[in-house]
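In what follows, a single structure is set out as structure tokens and then discussed.
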Amino acid sequence: MWRNLRNQLASVQTYPELSPDLSLRRQVNQELRSRPALPPEQWHHAHWVPPHRPVPLPQEFTMFLYRRLSDYSGLCFGRVYPSDRLCQDLKFPLVCWFDWSMTLCDDLFERYGVDLSETIDESQWNTVNDLFTSLHSQLQTLHGLP
């Protein structure tokens, strides 16, 4: 009985450390307000096709990540640029639930049928572009994504 009570108390104490920092999320969204809020299709064309990048990323793929990352972070992803740094600019580890990358792996598995949980390395993602390019490359290799 005491063990169960201690576990519940520990859960309550660690909850704030694992949950998103809502005030920081508001602050990041406030900083992004000077940029236009693009819907997914316009955001794709503004950032992920030539002349913005030499090799385009598939629209379905970028729109999928746009929606998922917006859900995880609570950020207006239509205002996010590929050059934005995940940690320094967008504060991703702090504005998302602690397990956002695991949730992303689950969502990618559900959508593409490929388990990336063993190959994803968050430390390799400095920018949004790094994240998108890395995931696309892995899905191309393992799933045949165009």
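A few points about this structure:
- Calculated from the alpha-carbon coordinates, the chain shows an Rg and a Dmax of 17.1, 63 Å respectively.
- Computed E for Asp107/Val49 - FRET, C-beta separation, R0 22 angstrom, nearest 0.05: 0.40
- Rounded accessible area per residue of the chain, 1.4 Å, Å²: 60
- Region 49-96: radius of gyration and largest Cα-Cα distance (Dmax), Å: 11.7, 33
- Value of relative contact order over the chain, rounded to a whole percent, pairs C-alpha under 8 Å and six or more apart: 25
- Cα gyration tensor category, rounded, prolate or oblate, for region 87-137 with a/c compared to 1.5: oblate
- Length released on extending from Ser70 to Leu24, taking residue separation times 0.36 nm less the Cα-Cα span: 15.1 nm
- Over the chain, DSSP H runs of length four or greater, each weighted -39,500 (n - 2.57), average out per residue to a 222 nm ellipticity of -18000 deg cm²/dmol.
- Computed over protein heavy atoms with a 1.4 Å probe, the carbon and sulfur contribution to the accessible area of region 40-143 reaches 51%.
The values are calculated or read from the model by the stated rules, or taken from the named source; none is laboratory data. Predicted, not measured: the structure shown is a model, and the values here were computed from it. As a convention, Cβ positions derive from the backbone with ideal geometry for all residues, glycine included, and neighbour counts pool all protein chains shown. For accessibility, only protein heavy atoms count, side chains too; no ligands or nucleic acids. Shrake-Rupley method; radii C 1.70, N 1.55, O 1.52, S 1.80 Å.
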